[in-house]
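This report concerns only the one structure given below.
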Amino acid sequence: MRWLLASMLAGCASTPAPQLAHHAPLRPPPAEPAAHHRVVVTDTEIEMLPDVWWQGATATLTPDAERALDLVARTLDADDEIRALEVRAYGGDPAGWQLGRDRAQTIVDGLVRRHVDPHRLVARGLAIDPDGQLGPILTILDRAP
């Protein structure tokens, strides 16, 4: 019996321990960087970035556009010298007048929901921009001296 126990212990000592496969969990892919929202006010315009505004050929705003409107509303709230702002939006093709009007009104409605005085806003929809731009253009029509 001693011999059996000694040979079992000897066998255990000489047999390498089984290697357990250990795999670290894979890192998730990096998240898409958040779009950097920016509003630039000049003497004549309010420029907004990013300029991805519409969900396809609709007047429905993208989530990034909703966040950009938050910034525009805060800008208008902070700069009460801007008394009138024209929102131009384009439908994207010569037959896109109605889509352009709907897009411009969507922007105005979004700003009004964010407590911008509707008397400060003018919606103007157009069919096609000669420069090929589809995002809205905010032109300052009247500024307090």
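Specify which of the listed residues (Thr62, Thr75, Thr42) is exposed (fewer than 14 other Cβ atoms within 10 Å of the Cβ), among the β-branched types (Val, Ile, Thr) and either at pLDDT 55 or above or on the phi > 0 side of the Ramachandran plot (or both).
So the residue among Thr62, Thr75, Thr42 that is exposed (fewer than 14 other Cβ atoms within 10 Å of the Cβ), among the β-branched types (Val, Ile, Thr) and either at pLDDT 55 or above or on the phi > 0 side of the Ramachandran plot (or both) is Thr42.
Here's a check for you: in the stretch 79-133, which residue that is surrounded by fewer than 18 Cβ atoms within 10 Å (Cβ to Cβ) and among the small types (Gly, Ala, Ser) is farthest from Val40 (Cα to Cα)?
Ala95
Counting only residues that are of a type in the set (Lys, Arg) and modelled with pLDDT under 95, how many does the stretch 91-119 have?
Residues flagged as of a type in the set (Lys, Arg) and modelled with pLDDT under 95 within the stretch 91-119 amount to 2.
Restricting attention to the stretch 111-145, which residues are touching a helix residue (DSSP H, G or I) at 6+ places or on another chain (Cβ under 9 Å) and among the basic types (Lys, Arg)?
Scanning the stretch 111-145 gives Arg113, Arg114, Arg120, Arg124.
The values are calculated or read from the model by the stated rules, or taken from the named source; none is laboratory data. What you see is a predicted model; the values in this text were computed from it and never measured. Cβ atoms come from the backbone with ideal geometry, glycine included; neighbour counts cover every protein chain shown.
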